[in-house]
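The values are calculated or read from the model by the stated rules, or taken from the named source; none is laboratory data. As the structure is a prediction and not an experimental result, all values here were calculated from the model. Quick reminder, even Gly has a Cβ in these numbers, built from the backbone with ideal geometry, and neighbours come from all protein chains shown.
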Amino acid sequence: MSCRKDPLSPSSGPLAATPASGTTTLCSLSDPRLCDMLAFMCPQDRAFLDDLRARGVTVTTFDRLYFEDPYYDGTQWTTRHFEAGGTTSGTDINMLMGTDAGENAATLYHEGIHTGQPSTMRWRDKEYQAYIAEDQWRISHGLPPSDPSFRTHDSTGRPVTDTAAIGRFVDREYPGVTSTAASGGPPEQVIGRTSSGDTIVQRNDGTIYTRPPRAGDSYAGPQISEPPGGRPIPTDQLRCP
Ligand SMILES: [Zn+2]
């Protein structure tokens, strides 16, 4: 299972300020967009980048990452498309590298949070934590929220992360991570289906059972990547210039 991050739709916020280019005309790294991303992050995120390297985190960049998640529509199992901005498995990050330095940096930050989370955490809890951390990082870097609902303001007008809105977003968008328990207890997670089409569910205590499928049941499908192997970033390049 991999953690994911939704990409920002280009129309969902004002364009981020990008660092002035022109003063530095040469990028000595493997991808000029990496130079722009690091210029955006540094020096503020120096410790974050140092920690990624110290923990052996790998970063591979892609043009597109998506999933076709199995989904029960109430009548049959079909699929639901999920366009991702990044994914993390263990300490290996896959991320989109686009043209917006701030958005690239936000994706790296979100996925970097995932690389430090214990494997025992529930997927929904991993996403709640990563989105909250990402939005606080966005506030500190003057970026708009990745989803407009994630941001509110305090009484003095300063931007504040709306953690409840993030919870609703993750529950709605991530496949099967928050399935209502028939017993009324804590939420469960849909993790698959049987050959006969029953839904496989994991209770909050980790035990597993099957039940007839309900409309909206979904679970993670395979990751589809373009280009297939991506472009690995040499780890030593993940540092402040
Ligand atoms: Zn995530």
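Annotations
- Taken together, the residues in the range 218-241 that are at pLDDT 95 or above and in a strand (DSSP E or B) amount to 7.
- Within the range 163-205, being among the polar types (S, T, N, Q) and more than 24 Å from THR78 (Cβ to Cβ) holds for THR163, SER183, ASN204.
- Per the conditions (1) farther than 18 Å from GLY229 by Cα; (2) touching a residue at least 40 places away in the same chain (Cβ under 8 Å); (3) surrounded by fewer than 23 Cβ atoms within 10 Å (Cβ to Cβ); (4) of a type outside the set (A, V, I, L, M, F, W, C), the sole criterion not satisfied by ARG64 is (1).
- Selection within the range 79-100: residues that are free of Cβ contacts under 8 Å to residues at least 40 places away in the same chain and loosely packed, with under 14 Cβ neighbours inside 10 Å. The member of this set that is farthest from the ligand (Cβ to nearest atom) is HIS81.
- Test for ARG124: is it among the charged types (D, E, K, R), modelled with pLDDT of 95 or more, within 16 Å of the ligand (Cβ to nearest atom) and closer than 23 Å to THR180 by Cα: yes
- Screening GLN129, GLN76 for residues that are without any contact (Cβ under 8 Å) to a residue 24 or more places away in the chain, within 12 Å of the ligand (Cβ to nearest atom) and among the polar types (S, T, N, Q) leaves exactly one candidate, GLN129.
- Single unsatisfied condition, LEU34 versus (1) modelled with pLDDT of 95 or more; (2) within 17 Å of the chain's Cα centre (by Cα): (2)
- Among the candidates THR61, THR87, THR79, the residue that is within 19 Å of SER146 (Cα to Cα) and in a strand (DSSP E or B) is uniquely THR87.
- Whichever residue in the range 138-161 is surrounded by 14 or more Cβ atoms within 10 Å (Cβ to Cβ) and touching a residue at least 40 places away in the same chain (Cβ under 8 Å) and, among such residues, is farthest from GLU188 (Cα to Cα): HIS141
- Restricting the first member to the range 193-222 and to residues that are crowded, with 16+ Cβ neighbours inside 10 Å, and the second to residues that are part of a loop (DSSP other than H, G, I, E, B) and modelled with pLDDT of 95 or more, the beta-carbon pairs closer than 6 Å and six or more apart or on different chains are THR199/PRO213; THR199/ASP217; SER218/PRO175; SER218/GLY176; TYR219/PRO175; TYR219/GLY176; ALA220/PRO175.
- Checking ALA164 against (1) closer than 29 Å to ASP92 by Cβ; (2) without any contact (Cβ under 8 Å) to a residue 12 or more places away in the chain; (3) under 21 Å from the mean Cα position of the chain (by Cα), the condition it does not meet: (1)
- Residues (charged (D, E, K, R) and either over 22 Å from GLU83 (Cβ atoms) or crowded, with 22+ Cβ neighbours inside 10 Å (or both)) located in the range 101-125: GLU103, GLU111, ARG122, ASP125
- Every residue from the range 101-121 that is near the ligand (Cβ under 10 Å from one of its atoms) and of a type in the set (Ser, Thr, Tyr): THR107
- Residue in the range 50-57 that is in a helix (DSSP H, G or I), touching a strand residue (DSSP E or B) at 6+ places or on another chain (Cβ under 9 Å) and within 20 Å of GLY86 (Cβ to Cβ) present: yes
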